[in-house]
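Colleague: Take a look at the following structure, please.
Just so it is clear, none of the values below were taken in a lab; they were calculated from the coordinates. Please read all numbers here as calculations on a predicted model, not as lab measurements. As a convention, Cβ positions derive from the backbone with ideal geometry for all residues, glycine included, and neighbour counts pool all protein chains shown.
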Amino acid sequence: MNIKLNLIPFSTAKLSEVIIANVAPESSRLILSAKKAPRYNGEDEIRGSVAKIKCEFINADLAKILKKSGADIHQLKTNTLEISGNENDLINIIEEELINTILPLHKAKVMLKWVSTRSSSGWKILKLVVDLTDLHEGEK
């Protein structure tokens, strides 16, 4: 795994930008759901915009084994993948076409994910973040 890290000074670091460098994502994931997330102007959603695509995934190898045994893969705990990139490219992606695809995630970054609850919201779990161009490089 060769991820080039841009170091952020400790005093100005934002948890939303921290990359967890000592956790390696597995090479491929099976996408179970995908949804486009809009950009916002303050509190207001910008109609027709796409900031990222949020996906829920499971390990592709484990999914194959479970399917062969007749088990329901949708019972597994999913993890989050966010696909970022050029907004025009993200707009052109059809979410339904991502579902049940296996994506190469060799260049994905492991980052913190904000979890909102009524009583204790915070940076509680990990997510994978990958740029769309890195997904296309994985296809070569």
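Colleague: List, in the order given, every pair from 35/113; 67/124; 67/109; 36/127 whose Cα-Cα distance in the structure shown is over 23 Å.
Modeller: Violating the 23 Å Cα-Cα cut-off are 67/124; 67/109.
Colleague: Okay, next question. Between residue 117 and residue 45, how many nm apart are label points set 7 Å from Cα along the C-beta direction?
Modeller: Spacing of the two 7 Å Cα→Cβ label points: 2.6 nm.
Colleague: May I pose another question? How high is the FRET efficiency between residue 69 and residue 102 when r is their beta carbon distance and R₀ equals 22 Å, given to the nearest 0.05?
Modeller: 0.75
Colleague: Wrap a convex hull around the Cα atoms of region 85-140, take a quarter of its surface area, and give that in square nanometres.
Modeller: 5.3 nm²
Colleague: Continuing with the same structure: May I ask for the Rg/Rh ratio of region 18-91, computed from Cα atoms with Rh as the Kirkwood radius, given to two decimals?
Modeller: 1.09
Colleague: Would you kindly state how much longer the chain becomes between residue 21 and residue 131 on full extension, computed as 0.36 nm times their sequence separation minus their alpha carbon distance, in nm to one decimal?
Modeller: 37.9 nm
Colleague: Please compute the contact order of region 21-115 in relative form: average sequence separation of alpha-carbon pairs under 8 Å and at least six residues apart, divided by the residue count, as a percent.
Modeller: 41 percent
Colleague: Here's a follow-up. Mind pulling the per residue volume of the convex hull built on the Cα atoms of the chain? Å³ is fine.
Modeller: Cα convex hull per residue, to the nearest whole number: 156 Å³.
Colleague: Here is a follow-up. What nm value, rounded to one decimal, do you get for the distance between residue 10 and residue 37 when each label is placed 7 Å out toward the C-beta?
Modeller: 2.9 nm
Colleague: As an exercise, identify the trypsin sites (Lys or Arg not before Pro) in region 50-138 lying in DSSP coil whose Cβ has no more than 13 other Cβ atoms within 10 Å.
Modeller: 77, 118
Colleague: Per DSSP H run of n ≥ 4, the term is -39500 (n - 2.57); total these for the chain, divide by its residue number, and report the mean residue ellipticity at 222 nm rounded to 500 deg cm²/dmol.
Modeller: Rounded to the nearest 500, it is -4500 deg cm²/dmol.
Colleague: In a Gaussian network model over the chain where Cα atoms closer than 10 Å are linked, find which of 28, 84, 11 has the largest mean-square fluctuation.
Modeller: Maximum among the listed residues: 11.
Colleague: Name the GluC sites (Glu not before Pro) in region 1-75 that are in a loop by DSSP and that have at most 10 other C-beta atoms within 10 Å, would you?
Modeller: Sites meeting the loop and neighbour criteria: 43.
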